[in-house]
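The values are calculated or read from the model by the stated rules, or taken from the named source; none is laboratory data. Predicted, not measured: the structure shown is a model, and the values here were computed from it. Cβ atoms come from the backbone with ideal geometry, glycine included; neighbour counts cover every protein chain shown. We work out accessible area using only protein heavy atoms, side chains counted, and drop any ligands, DNA or RNA first. Shrake-Rupley method; radii C 1.70, N 1.55, O 1.52, S 1.80 Å.
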Amino acid sequence: MWRYPKVLAHRGGGTLAPENTMAGLLRGMRAGFRAIEYDVMLARDGVPVVMHDPFLGRTVPGSGHVVDYDALELAGMDAGGWFGREYEGEGVPLFVEFAQFCKAHGVWMNIELKPAPGHEIETGGAVARIAAAMFADELEDRSTPGRLERAPLLSSFSMDALLAAHEVAPQLPRAFLMSELPPDWERRAREVDAVAIHVNHRHLTPQQAREVKAAGFGLFCYTVNEAARAAELLGWGVDAFCTDRIDLIGPDFITQVK
Ligand code: G3P
Ligand code: MG
């Protein structure tokens, strides 16, 4: 079962602003989104930052790996100039600040644990610990309708990161993220006590969608950039998806296709 928003802006503002930055988040919010997916990994000092690639060079100029730098060094780097001159100087967000801003503005978060290779367990543990503390009240309040659902959903391709998150904060919901469903997807999802399956829509079949739903999981697809495809997936029983094309597929898309 899926208790969360159904259309999410991928990496904050999709492809309309630099990914995983405050500017991206604000762009998504300007388009009306109050639900986003974004990526988090640890810097050298163990402080989580909002970043997709484990290396510099694509969205942040420079060389080497994210784990070669402390979080404040990364925060001082330019994560926006690659996208456009008007975004020059956008730093790599610190996860805590980014998440606090989302919480304060009612933006629901699918936090993707994106550990640098070899840092799976510490990433899952650190991010889960922080997120659970930030949403302690929501996670404890099972009596007020809708309160629990404001807490973020942690997802990851890494089983180790999800297991570490489960160990540290079992009360924080998790989703098992895969490009393609492997034959043993259900066993693996149950191993991390996942509430949802996140999958690349390109590899999903209608039969798999039925199986996931029949097994009682939420079903989320990434990254759906065409309205017709989004409508098709919803017809298969997919609960929710993220999009890069926040200009074509808005937060109210689901009510429009019904
Ligand atoms: O969480 C869904 C999606 O973001 C996974 O792929 O590479 O865009 O982080 P990626
Ligand atoms: Mg992601």
>> Condition first: within 16 Å of ligand 2 (Cβ to nearest atom), acidic (Asp, Glu) and either within 18 Å of Asp78 (Cα to Cα) or touching a helix residue (DSSP H, G or I) at 6+ places or on another chain (Cβ under 7 Å) (or both). Can you find one or more residues in region 28-38 that meet it?
In response: no
> So, in region 205-232, of the ones that are more than 20 Å from the chain's Cα centre (by Cα) and either part of a loop (DSSP other than H, G, I, E, B) or modelled with pLDDT under 95 (or both), which residue ends up nearest to ligand 1 (Cβ to nearest atom)?
Replying inline: Thr205
> For region 70-93, which residues satisfy the criterion of being open to solvent by less than 30 Å² (accessible area, probe 1.4 Å) and either outside any loop (DSSP other than H, G, I, E, B) or at pLDDT below 95 (or both)?
Replying inline: Ala71, Leu74
>> If Leu172 satisfies all but one of (1) part of a helix (DSSP H, G or I); (2) open to solvent by less than 30 Å² (accessible area, probe 1.4 Å); (3) more than 16 Å from ligand 1 (Cβ to nearest atom), what's the number of the condition it fails?
In response: (1)
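So that you can scan it fast, the table gives a plain yes or no per residue for (1) more than 16 Å from His119 (Cβ to Cβ); (2) in contact (Cβ under 8 Å) with a residue 40 or more places away in the chain; (3) within 16 Å of ligand 2 (Cβ to nearest atom):
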site	(1), (2), (3)
Asn20	yes, yes, yes
His65	no, yes, no
Leu74	no, no, no
Gly80	yes, yes, no
Glu86	yes, no, no
>> What's the number of the only condition in (1) within 15 Å of ligand 1 (Cβ to nearest atom); (2) touching a Pro at 6+ places or on another chain (Cβ under 7 Å); (3) open to solvent by 20 Å² or more (accessible area, probe 1.4 Å); (4) within 20 Å of Ala240 (Cβ to Cβ) that Gly32 fails to meet?
In response: (1)
> Looking at Val96, Val67, Val50, which is the one that is modelled with pLDDT of 95 or more, open to solvent by less than 10 Å² (accessible area, probe 1.4 Å) and in contact with a strand residue (DSSP E or B) (Cβ under 9 Å, 6 or more places away or on another chain)?
Replying inline: Val50
> Can Ala169 be described as in contact (Cβ under 8 Å) with a residue 40 or more places away in the chain and closer than 30 Å to Gly118 by Cβ?
Replying inline: yes
> Could you list, in sequence order, the residues of region 1-17 that are surrounded by fewer than 24 Cβ atoms within 10 Å (Cβ to Cβ) and of a type outside the set (D, E, K, R)?
Replying inline: Met1, Trp2, Tyr4, Pro5, Val7, Thr15, Leu16
>> List pairs: first residue in region 200-211 and over 13 Å from Pro183 (Cα atoms), second residue hydrophobic (A, V, I, L, M, F, W, C) anywhere in the structure, Cβ distance under 7 angstrom, at least six positions apart or on different chains.
In response: His201/Cys221; His201/Val224; His201/Leu233; His201/Phe241; Pro206/Trp236; Ala209/Leu219; Ala209/Trp236; Ala209/Val238
